[in-house]
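These notes concern the structure reproduced below.
Quick note: the coordinates plus some simple rules give every number you see, no bench work behind them. This structure is a prediction, so every number in the text was calculated from the model and none was measured. Backbone-built Cβ (ideal geometry, glycine too); neighbour counts: all protein chains shown.
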Amino acid sequence: MSETVYLNGSFLPLEQATIPVLDRGFIFGDGVYEVVPVYSGQPFRLDEHLARLANSLEAIRIRNPLSLAEWQGVINRLVHTNDHFSDQSVYIQITRGVAPRNQAFPPSSVAPTVFIMSMPLDTPTQALVQSGVSAITALDIRWQRCNIKAISLLANVLLRQEAVDHGVAETLMLRDGYLTEGSSSNILIVEQGKLLAPPKNEHMLPGITYDVVLELAEANGIAYSVEPISESRLRAADEVWLTSSTKEVLAIVSLDNAVVGTGKPGPLLKRMYALYQEFKKQVMRRQVPHHGQ
Ligand code: PDD
């Protein structure tokens with residue numbers, strides 16, 4: 001079945017969705033994006049993702065092309081059009097539009113390009129949740145505005161490929177001796193039963209999953225603290241966790257070939273994984289089911 005996508009106000013088959021080569025996303029990577037997980041047809045934390053999208057747009061001075069209600073409407077329609085995938089990952093991208101190549105902004109009459117597609121959401125398998133994954137570290141070579149979810153991802157692409165070249169799942173980045181995040185995930189650690197999360201700043205993306213995990217810690221009496229995590233604390237941690245909309249919460253059990261903790265997902269990760277799955281179910285139950293489901 002051909003996948004339906006949204007492009008500049010129209011719903012159309014993926015194969016028919018094309019943009020001019022002078023789109024500033026293509027020429028400069030001049031745009032922002034979001035990835036929203038959808039479980040059983042229900043977008044998860046949609047308003048939070050749309051708020052972060054609005055922040056990213058504001059930060060790069062693109063006017064938000066749709067109202068909150070319009071975003072919700074378009075995304076829900078796309079999700080239900082593509083409901084042959086049970087769980088979906090909705091990708092939203094906005095660029096500064098099509099204009100002759102010039103670094104400076106085009107005239108304000110140039111409309112942003114808005115593209116949304118839905119892909120199957122492949123959350124980690126039970127085997128992966130139980131085994132955990134390996135990771136490497138690298139210097140954080142990115143720019144100083146990592147809190148913007150920008151489509152210009154060259155550094156992340158190179159860093160992720162380093163992980164692939166080493167046969168591991170993720171590259172954890174270090175800046176000035178401190179953990180920032182993964183190439184496409186946030187990273188938290190556990191030290192003597194306490195969960196530690198690096199503070200949100202311009203060196204990391206404010207993760208929606210990171211927020212959910214800290215909220216679940218708060219609601220369930222799990223001790224946690226938001227504080228800078230030095231490289232030595234990262235390497236000595238009892239547990240290292242990766243969070244993202246597509247990977248949820250996953251254990252990193254090996255870092256640069258050294259075993260993390262016992263080399264298996266730790267007790268707090270297992271507890272948080274269960275809380276996260278339960279939270280997802282509760283959120284889904286709270287939604288009004290789509291007709292026919
Ligand atoms: N990536 N940090 C970076 C650099 C990311 O790219 C992502 C997400 C995260 C986690 O954020 P969230 O919990 O809101 O998904 C942190 C998405 C999934 C991607 O680029 O595909």
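Brief remarks follow.
- DSSP bridge orientation in the stretch 126-284 - percent antiparallel, rounded to nearest 5: 65
- Each pair of Cα atoms in the stretch 167-226 enters the Kirkwood radius, and Stokes-Einstein at 37 °C and 0.692 mPa s then converts it into a translational diffusion coefficient of 266 µm²/s.
- The chain, relative contact order in percent, only Cα pairs under 8 angstrom and at least six apart counted: 17
- Protection proxy ranking of 45-52, 62-69 - average other beta-carbon atoms within 10 Å, highest first: 45-52, 62-69
- Note on the stretch 4-120: semi-axes of the ellipsoid equivalent to its C-alpha gyration tensor, largest first and rounded to whole Å, are 25, 16, 11.
- Scattering from the stretch 67-118 was approximated by placing one identical point on each alpha carbon and applying the Debye formula without solvent; log10 I(q)/I(0) at 0.15, 0.29 1/Å stands at -0.55, -1.12.
- Virtual spin-label span in nm between A274 and E215, 7 Å along Cα→Cβ: 2.2
- Lysines with Cα under 28 Å of K270, excluding same-chain neighbours fewer than 8 positions away: K194, K200, K247, K280, K281
- Restricting the stretch 144-194 to trypsin sites (Lys or Arg not before Pro) in coil, as DSSP defines it, with at most 15 other Cβ within 10 Å: R145
- Ordering of 199-212, 30-43 by packing is 30-43, 199-212, highest average first (other Cβ atoms within 10 Å, averaged per residue).
- The stretch 126-284: C-alpha gyration tensor shape, a/c 1.5 cut-off, then a/b vs b/c: rounded
- Placing pseudo-labels 7 Å out from each Cα toward the beta carbon at I151 and N8 gives an inter-label distance of 1.2 nm.
- Relative contact order (%) - the stretch 76-165, alpha-carbon pairs under 8 angstrom, separation at least six: 26
- When peptides 233-243, 265-275 are sorted by average Cβ neighbour count within 10 Å, with the highest value leading, the order is 233-243, 265-275.
- DSSP H segments from the chain that extend 18 Å or more along their own axis, Cα-based, with Kyte-Doolittle mean of 1.6 or above: none
- In plain terms, the chain from N64 to D256 could stretch by 65.0 nm, reckoned as 0.36 nm per residue minus the Cα-Cα distance.
- Relative contact order of the stretch 4-120, defined on C-alpha pairs under 8 angstrom at six or more residues apart (%): 38
- Mean ellipticity per residue at 222 nm, deg cm²/dmol - from DSSP H runs of n ≥ 4 across the chain, formula -39500 (n - 2.57): -9000 deg cm²/dmol
- When the chain is reduced to its Cα atoms, the Kirkwood hydrodynamic radius in Å: 20.1
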